[in-house]
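This report refers to the structure that appears directly beneath it.
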Amino acid sequence: MSKALYWFTDDLRLQDNLALNSTLYASNSIMFIYVLDEYLFSATNFNHVHLGDKRFKFIQQSLVDLSEKIQRLGYELYIFKGHSRAVLNRLITHMGIEVVGCHLGSGYDERRTLQHIKSDNDSVRFIHQHNNLMFGPQQLEAKDLTGSFSKFRKKADKLTVSLPVEDMFSETLPLPLSVGDALTADDRYKLDNEIHSSAGQIEGGENVAHKYLEEYFSTQSASSYKLTRNALDGKYNSTQFSPYLSVGNISPRQIINRLDMYEQKQGANDSTYWIRFELMWRDFFHHKAIQKGSNLFKFAGERGVRPLTTYYPQRFKRWCNGTTEYPLVNACMRELNETGFMSNRGRQIVASCLVNELQVDWRYGAAYFQQQLIDYDVASNWGNWQYIAGVGDDPRGGRHFNIGKQAQMYDPDGAFQNKWSSDGEQIASDVDMVDWPVMSTKHGH
């Protein structure tokens, strides 16, 4: 039994946390930390910061919730600012840490940082596993991840999703470790315990996530999800689990477990299956991100075929600000900028517009989403943008959405566009939408 450190990252919860349980079991004293890495706030991601204000607020709310839970158990959550590698190395050395536990994420940069820390501390035992997937790597073979999602889905449909694991905090707990003088007060980050969400913005935290999970499944929304999931607006039209999944307030296993309970009571249908289907997509993107490594961020992707796009600063600025010639795109972007959220349908439409209508390098759009989205997820975000740009795993070689047709299908009366229009701007009815400037499209969907 050893001195241990648990490093929270994108797993801000105590329940169903596999790596945390394993670390507790391997230690007789432990400390809990979180690092706000300085690089996240630098505008080095295609001229954007890696972590925007709204997502930062969501993370802070999640940390407040986690800190309160840990304090009730007799521990402290130490939150540091700096570079993760330097902070971990200093703590390991000064505290005599023998075991380090953490979530093993899907992102290339995150995995590389962990590998550097392991190399710097080769005598330390590291306990890490991916806490945020339905299917572990041991359930999949390399051939399951070659090709499109359809191939992965055939395998995933046959796999069993494990039940959420019980937490170990009801057992005999390790003694708390104090940081002492290993780092100075200047290295610490002080949380604002009263940080609140703006109107229309989703609030973070494990407690909030579970409350919302129960709230969603107390309605009949899951039974009609497939029919409503493409709506541009509406609280229960989509599940809106993604913000909580993105920082690990909740796990996919917990959602599937609650869905199983719902189906036992209300019955299963295509819509309840489709919630599983969407979580399979998420797993697919995560496993593919691990496999692709840095290729996830490359202009030509794994295919090596460079799109016929470039960087047009003024076009991109209009897209970001929601001032293009496409009212539906503008409405979606204004919603994103104000709330940090956008429907999945909206994301596909605005991404297609940037790549196809505006002919802008897809990576700038992916980086802007990373900065703005509360539910940013490295694998789903960059994987979906690759899909749209035709450099990902789409066998069709990219997606081009007819914006006028999308507006007619999903906002026929212009209600969503009017909701997010600028002062005095009104959206034409569906009768006039055929006059919008829309490029012809091969797929037209």
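The values are calculated or read from the model by the stated rules, or taken from the named source; none is laboratory data. Predicted model, so just to flag it, every value in this text is computed and none were measured. Here Cβ is always computed from backbone atoms with ideal geometry, including for glycine, and neighbour counts include all displayed protein chains.
Quick notes on this one:
- Contact annotation: residue pairs with Cβ atoms under 7 Å, 6 or more positions apart or on different chains, pairing a residue in region 210-221 that is within 23 Å of Gly248 (Cβ to Cβ) with a partner that is in a loop (DSSP other than H, G, I, E, B), are His210/Ile250; Leu213/Ile250; Tyr216/Tyr236; Tyr216/Thr239.
- In region 25-43, residue surrounded by the fewest Cβ atoms within 10 Å (Cβ to Cβ) [restricted to those that are within 20 Å of Asp181 (Cα to Cα) and not small (Gly, Ala, Ser)]: Leu36
- Yes/no for Ile374 being in contact with a Lys or Arg (Cβ under 6 Å, 6 or more places away or on another chain) and either at pLDDT 95 or above or surrounded by 24 or more Cβ atoms within 10 Å (Cβ to Cβ) (or both): yes
- Scanning region 28-59 for residues that are in a strand (DSSP E or B), more than 24 Å from Pro243 (Cβ to Cβ) and at pLDDT 95 or above, we see that the one that is farthest from the chain's Cα centre (by Cα) is Ser29.
- With respect to the conditions (1) touching a strand residue (DSSP E or B) at 6+ places or on another chain (Cβ under 7 Å); (2) under 20 Å from Tyr108 (Cα atoms), Leu354 falls short on a single one, namely (2).
- Near pairs, Cβ below 8 angstrom, 6+ apart or cross-chain, from region 104-118 (closer than 14 Å to Phe297 by Cα and modelled with pLDDT of 95 or more) to any residue that is polar (S, T, N, Q) and not in a loop (DSSP other than H, G, I, E, B): Tyr108/Ser294
- Scan of region 236-256 for residues that are out of contact with any Ser or Thr (no Cβ under 9 Å at 6 or more places or on another chain) and surrounded by fewer than 17 Cβ atoms within 10 Å (Cβ to Cβ), ordered by number: Gln240
- Per the listing Ile202, Ile195, the residue uniquely more than 18 Å from the chain's Cα centre (by Cα) and either among the aliphatic types (A, V, I, L, M) or surrounded by 19 or more Cβ atoms within 10 Å (Cβ to Cβ) (or both) is Ile195.
- Any hit, region 48-67, residues being touching a Lys or Arg at 6+ places or on another chain (Cβ under 9 Å), of a type in the set (A, V, I, L, M) and more than 20 Å from Ile250 (Cβ to Cβ): no
- Residue, surrounded by the most Cβ atoms within 10 Å (Cβ to Cβ), within region 66-77, restricted to residues that are touching a Leu at 6+ places or on another chain (Cβ under 8 Å) and not small (Gly, Ala, Ser): Leu66
Residue-wise test of (1) in the same structural domain as Cys332 (by TED's automatic domain parsing); (2) modelled with pLDDT of 95 or more.
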{"position": "Trp385", "(1), (2)": "yes, yes"}
{"position": "Val391", "(1), (2)": "yes, no"}
{"position": "His400", "(1), (2)": "yes, no"}
{"position": "Ile403", "(1), (2)": "yes, yes"}
{"position": "Phe416", "(1), (2)": "yes, yes"}
{"position": "Ser421", "(1), (2)": "yes, no"}
{"position": "Glu425", "(1), (2)": "yes, no"}
{"position": "His443", "(1), (2)": "no, no"}
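- Listed by position, the helices (runs of 4 or more DSSP H) inside region 265-367 whose residues that are touching a helix residue (DSSP H, G or I) at 6+ places or on another chain (Cβ under 6 Å), under 15 Å from Gln406 (Cβ atoms) and not assigned by TED's automatic domain parsing to the domain that holds Asp10 number at least 2 are 327-339, 344-352.
- Among the residues of region 377-393, just one is more than 17 Å from His286 (Cβ to Cβ) and either without any contact (Cβ under 8 Å) to a residue 12 or more places away in the chain or surrounded by fewer than 23 Cβ atoms within 10 Å (Cβ to Cβ) (or both), namely Gly390.
- Residues that are of a type in the set (A, V, I, L, M), at negative phi and without any contact (Cβ under 8 Å) to a residue 24 or more places away in the chain are absent from region 94-102.
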